[in-house]
Each structure stands twice: as structure tokens, then as C-alpha cells.
1. So the check is Cβ under 6 Å with 6+ separation or different chains; which pairs have a first residue in segment 47-73 that's within 17 Å of N84 (Cβ to Cβ) and in contact (Cβ under 8 Å) with a residue 12 or more places away in the chain and a second one that's more than 12 Å from ligand 1 (Cβ to nearest atom) and among the charged types (D, E, K, R)?
2. So Y13 fits all but one of (1) of a type in the set (F, W, Y); (2) more than 18 Å from the chain's Cα centre (by Cα); (3) closer than 22 Å to T201 by Cβ; what number is the exception?
3. If we scan segment 62-81, do we find a residue that is within 16 Å of ligand 2 (Cβ to nearest atom) and either touching a strand residue (DSSP E or B) at 6+ places or on another chain (Cβ under 6 Å) or modelled with pLDDT of 95 or more (or both)?
4. Is there a residue in segment 34-53 that is within 20 Å of A159 (Cα to Cα), more than 16 Å from ligand 1 (Cβ to nearest atom) and surrounded by 16 or more Cβ atoms within 10 Å (Cβ to Cβ)?
5. Filter segment 90-106 down to the residues that are in a helix (DSSP H, G or I) and of a type in the set (V, I, T), then identify the one that is nearest to the chain's Cα centre (by Cα).
6. Are any residues in segment 82-91 crowded, with 18+ Cβ neighbours inside 10 Å and more than 16 Å from ligand 2 (Cβ to nearest atom), and if so, which ones?
7. If we scan segment 107-124, do we find a residue that is touching a residue at least 60 places away in the same chain (Cβ under 8 Å), touching a helix residue (DSSP H, G or I) at 6+ places or on another chain (Cβ under 9 Å) and either among the hydrophobic types (A, V, I, L, M, F, W, C) or assigned to a loop (DSSP other than H, G, I, E, B) (or both)?
8. Could you check how many residues of segment 30-61 are part of a strand (DSSP E or B) and either within 12 Å of ligand 2 (Cβ to nearest atom) or under 16 Å from the mean Cα position of the chain (by Cα) (or both)?
Amino acid sequence: MPLLEAEAVHRAYRLGRTEVPVLKGASIRVAAGEWVAILGSSGSGKSTLLHPLGGLDRPDAGSVRFRGESINRYSPRRLDRYRNEHVGFVFQFYHLLPELNVLENTVIPAMVGVGRLEWIRRRGEVRERARALLDRFGLSHRVRHRPAELSGGERQRVAIARALMHRPDVLMAAEPTGSLDTKTGEAILGTLAEQHRAGLTIVMVTHDQWIAARADRIVHLADGRVA
Ligand code: ADP
Ligand code: MG
């Protein structure tokens, strides 16, 4: 059984009175431990496909399954739980909170939905894990800095640490090197590769075939379908 699977997914956006179809029966299977790249040109629907896989959105039709269970039928609360328990996200523009420092940015998402008492009980352990991840990514001297004081590569490493905090089963990476120069992008791909070797499943979307080539397998998204 694949870890994660989309089958015949359809998605259209409404712009005024017209409907613009983006996904027209896109299917993809991701095995546990695999690194899959979804390669497609800009506007081909990569984000539109990634979001329902990560429980950020729902398809209009078709099904999305995690360990064989249809997550597209989940209630909004159950879908939040799916995301919080199983998925980590890394985006092109980092999505760090500017007023929080690196340590806070890393810790906070792991504590979303956690009650006050549990937060107090767990905060030591959670901070320790955040520090260990930041240390592994070469950011221990940056924990008190705000995102604006970091380079692009450092920001993306914070985003990866944040995404790994809750030990997700699958990491969704959307153009993770899209804002970085080649050398820094290489280092970020190296960080992802290291996590992959340690067993992490990765679904990465990109328009760049050289970046896609770092994955175990490339699938092409074009005309609303996966070839
Ligand atoms: P990609 O990630 O491959 O660049 P997207 O999935 O972001 O592509 O978008 C696919 C198409 O759908 C594009 O033409 C985009 O303009 C359109 N689109 C994406 N999101 C929306 C939205 N919320 N409303 C209307 N159109 C959208
Ligand atoms: Mg996109």
C-alpha cells in the first residue's frame, strides 16, 4: 500500500463566472521512504496538487488517501489533525513569522492546538528538540535572531527544522530552493537528502529538472495530469 496516494484528482478555480480547470484527473502514488519530485512548468498545477496531499485543501473530485484512508472525506478538524500529525511543509518563501526569533519560530507550530497545561508539561522537551534540530542545521548561534537577520539559506533551514519538529511521516516541499542561489540551494537539497536517507518520505514540487533530479523518482505534471 502506498503511504500517500492521489487518484483522479480534479480541481478548478472559479474566476468570476468562468471556471478554469487546473487538475483533470491527476494521480500519484508515493511509497513510504520515497523522495518523489513533481516536475511541471509554472502554472501547471503543482501547488494545486500538493495542497490536497498535505491536507491544506480538498479536490473537487477524486480521492486522496493516506495509508489507504480517504483524507478528502475528513471533517475540517480531522484534516487539521492529519496535517499536525503526519505532514511537514517547506515553502519557497519560508513563511516564518517575522516578529518571532528562530527558536520560537521552530517551536510554535509543534504546540498548535496544545492546551496550556500540556504546553507547560512539554515545553522543556519541545525546546530541547528544536535546539537539537537547529544545531544539526548549523543554526545554534542564530536561535535568538529574527528571520530578517538571516540569509535565505538560513531561513530555509529554520523552516525545515520547524517542519520536522513533530516528526512528520511526509515532508511536502514546494520549490524549496526557488528563492536561493545555486550554491545555497544545493546545501538545502543536501539537507533534504540527509533527512531522506534517515527515512523521511519527501514530496517535492519544482519547475527545475536539475532540482527534480535529486529525487528517487520524477513525475511530470502537464495538462492537468501526471504522466
Ligand atoms: P504551479 O504551482 O504549478 O505554479 P498552481 O497550482 O499554483 O501552479 O496554479 C495553477 C493554475 O491555477 C495557475 O494558472 C494559477 O493562476 C491558478 N490558480 C491557482 N490558485 C488559484 C486561486 N486561488 N484562484 C484562481 N486561480 C488560481
Ligand atoms: Mg506553485
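1. P52/R58; G55/R83
2. Of everything listed in (1) of a type in the set (F, W, Y); (2) more than 18 Å from the chain's Cα centre (by Cα); (3) closer than 22 Å to T201 by Cβ, Y13 misses just condition (3).
3. no
4. yes
5. T106
6. Of everything in segment 82-91, those that are crowded, with 18+ Cβ neighbours inside 10 Å and more than 16 Å from ligand 2 (Cβ to nearest atom) turn out to be R83, H86, V87, G88.
7. no
8. So the count comes out to 6.
The values are calculated or read from the model by the stated rules, or taken from the named source; none is laboratory data. Predicted model, so just to flag it, every value in this text is computed and none were measured. Cβ atoms come from the backbone with ideal geometry, glycine included; neighbour counts cover every protein chain shown.
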